[in-house]
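Chemist: Here it is, the structure, as C-alpha cells.
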Amino acid sequence: MTDSLPPAPKPLKRVCVFCGANPGNNPAYAAAARQMGEAIAQRGLGLVYGGGHVGLMGIVADAAMKAGAEVIGIIPEVLMNREVGHGAITELHVVGTMHERKKMMADLSDGFIVMPGGVGTLEEAVEAFTWTQLGIHDKGLVFLDVEGYWQGMASLFDHMVSNGFVKPEQRPIAQFVAEPAAALDALSTFEAPLAKSWASPAQR
C-alpha cells in the first residue's frame with residue numbers, strides 16, 4: 001500500500017488584487033501596480049479588482065488591459081462616483097453592497113494579492129484570510145510588500161500567533177513578498193491548511 005499524494009494546488013485562472021483608491025505618496029506604489037497588472041497578463045491570467053478608475057486600482061487595471069489580460073471590476077453603487085467606475089475594462093459589475101462586492105471578487109478569483117492601500121484594502125485582505133482560516137474557501141493571500149509597506153501587518157500576524165489567537169500552521173495563509181512575479185508564484189503553489197476547532201484542549 002502506498003501513501004496517497006497530497007492534492008495538487010488548483011491552477012490559477014484569475015487573481016483578485018486588493019489595492020488603494022489613492023496612489024499613495026510614494027511613486028514605488030504606482031510602479032508596483034503597473035508591474036502587477038503586466039505580470040498577470042504575461043502569465044495569461046485574468047484580473048479581478050474593485051472596479052475603480054482611480055488610484056492604484058486604476059493603474060493595475062489599465063496595465064493589465066494594455067498588456068492583454070481579461071479585467072473584471074466589481075463596484076458597489078455607492079462608490080460609482082467616488083471611485084469612478086472604470087468604463088474601459090472587460091467587464092464592470094455594479095452591485096448593491098460592499099458585501100456583494102467582496103463575495104463576487106472571491107467567487108471569480110483563485111487567490112488574492114494585496115497591494116498598498118488603506119483601511120478598505122486591509123479589511124478586504126483580513127476577511128480573505130479569515131475565510132481561508134475557517135475553511136470557507138481554500139485560496140491564498142499574498143501581500144505585495146512594496147518597500148516594506150506591510151511589515152507592520154506581518155508583525156501583527158506573528159504577534160497573534162505568539163499570543164495564541166492564530167494557530168502556527170495557519171500563519172502561512174498570509175505571505176509577504178516584494179515582487180509581483182513572486183506574488184504570483186506564491187499563489188500558484190499555495191496549499192490551504194486544514195480548518196480546525198478554535199477551542200483549546202481545556203475547553204473541549
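Chemist: Scanning for something under 26 Å from N25 (Cα atoms), open to solvent by 70 Å² or more (accessible area, probe 1.4 Å) and charged (D, E, K, R), does the range 179-193 turn up at least one residue?
Modeler: The answer is yes; a qualifying residue exists.
Chemist: Among what's in the range 92-149 and is over 11 Å from the mean Cα position of the chain (by Cα) and of a type in the set (F, W, Y), pick the residue that is most open to solvent (accessible area, probe 1.4 Å).
Modeler: Y149
Condition check ((1) over 22 Å from G24 (Cα atoms); (2) not in a helix (DSSP H, G or I)) across all residues:
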site: I72; (1), (2): yes, yes
site: I75; (1), (2): no, yes
site: G87; (1), (2): yes, yes
site: V94; (1), (2): yes, yes
site: M104; (1), (2): yes, no
site: F112; (1), (2): no, yes
site: T132; (1), (2): yes, no
site: E147; (1), (2): no, no
site: M160; (1), (2): yes, no
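Chemist: Give E83, E70 a once-over and let me know the one that is modelled with pLDDT under 95 and crowded, with 18+ Cβ neighbours inside 10 Å.
Modeler: Matching residue, one of E83, E70: E83.
Chemist: Taking the residues in the range 51-67 that are surrounded by fewer than 20 Cβ atoms within 10 Å (Cβ to Cβ) and part of a loop (DSSP other than H, G, I, E, B) as candidates, determine which candidate is modelled with the highest pLDDT.
Modeler: Among those that are surrounded by fewer than 20 Cβ atoms within 10 Å (Cβ to Cβ) and part of a loop (DSSP other than H, G, I, E, B), it is A67.
Chemist: Quick one: is A154 in contact with a Leu (Cβ under 8 Å, 6 or more places away or on another chain), at negative phi, at pLDDT 95 or above and open to solvent by less than 70 Å² (accessible area, probe 1.4 Å)?
Modeler: It is false that A154 is in contact with a Leu (Cβ under 8 Å, 6 or more places away or on another chain), at negative phi, at pLDDT 95 or above and open to solvent by less than 70 Å² (accessible area, probe 1.4 Å).
Chemist: Would you mind telling me which numbered condition in (1) over 21 Å from F165 (Cβ atoms); (2) touching a residue at least 40 places away in the same chain (Cβ under 8 Å) Q133 fails?
Modeler: (1)
The values are calculated or read from the model by the stated rules, or taken from the named source; none is laboratory data. Worth saying up front: this structure is predicted, and the values here are computed from it rather than measured. Counting neighbours? That spans all protein chains shown, and the Cβs are built from the backbone with ideal geometry, glycine included. Accessible surface is based on the protein model in full, side chains and every heavy atom, while ligands, DNA and RNA are left aside. Shrake-Rupley method; radii C 1.70, N 1.55, O 1.52, S 1.80 Å.
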